[in-house]
Amino acid sequence: MRKNFNAQAILYPMPVLIIGSYDKNGTPDAMNAAWGGISGETEISICISNTHKTTENILTRGAFSVSAADAANVTSADYVGIVSGLTEPDKIQKAGWHAVKSSNVDAPIFEELPLTLECKLKSYDRETGHLIGEIVNISVDESILDETGKIDVSKLSPITYDPVHHTYRVLGEIAGQAFHDGQKLK
């Protein structure tokens, strides 16, 4: 038997994305967003309303960063989602993060978050809040790489948002091999 929940923002996993931007004065800002994901080979789509300082920053500067929140930063990631940069100018410092300027786009990279997409603004729809960015680089801290130089998800320890229970959960356990396990059914 199945139960209907009607139309809601429920999907698993729901990424915890930390959107980084600079304001008009060059001050770094970050917000937590769960409604987003890769929408093309080098494109990311995120839904953020036009009332956020981050949205204003991105529209002004034409660039932003997107970091995967991880288990080590769950408290800070939640903090930047519940506190607005409009009311808390020391938001990044209070989160305990350190911003460095991307060499590829006009946006900050937070040193404590080991996986960051550096993006140029492609489009933004003020009515729907749909933000589209072109991924121009992915910056990865070497601490999350395996012995072959590839990203190791277990070292990254990304978190996902559970919209039903309002919790964060850690991703990482291998359940199967993509493009392989299905061959058994051919």
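For this structure, a couple of remarks:
- Segment Asn25-Ile82, extension gain: residue separation times 0.36 nm, minus the distance between their alpha carbons: 18.3 nm
- If R0 is taken as 25 Å, the Cβ-Cβ distance between Phe5 and Thr128 corresponds to a FRET efficiency of 0.65.
- Calculated FRET value between Ala178 and Ser49, using beta carbons and R₀ = 45 Å, to 0.05: 0.85
- Cα-based shape type of segment 138-186, given that a ≥ b ≥ c are square roots of the gyration tensor eigenvalues and the cut on a/c is 1.5: oblate
- Compared with the alpha-carbon gap, the fully stretched path from Arg169 to Ile38 is longer by 45.2 nm at 0.36 nm per residue.
- Ratio of Rg to Rh over the chain (Cα coordinates, Kirkwood Rh, two decimals): 0.99
- 20 Å Cα-Cα threshold exceeded, pairs from Lys53/Lys122; Lys155/Lys184; Lys150/Lys184; Lys53/Lys120: Lys155/Lys184; Lys150/Lys184
- Neighbour-limited loop hits for chymotrypsin sites (Phe, Trp or Tyr not before Pro), segment 89-186 (at most 15 other Cβ within 10 Å; DSSP other than H, G, I, E, B): Phe179
- Prolate/oblate/rounded call for segment 64-151, Cα gyration tensor, a/c under 1.5 rounded: oblate
- In a DSSP loop and with at most 14 other Cβ atoms within 10 Å, the GluC sites (Glu not before Pro) in segment 54-154 are Glu111, Glu127, Glu147.
All of the numbers you see were taken from the coordinates with simple rules; none came from a lab. Since we're looking at a predicted model, the values are computed, not measured. Please note: Cβ atoms are built from the backbone with ideal geometry, for glycine as well, and neighbour counts cover all protein chains shown.
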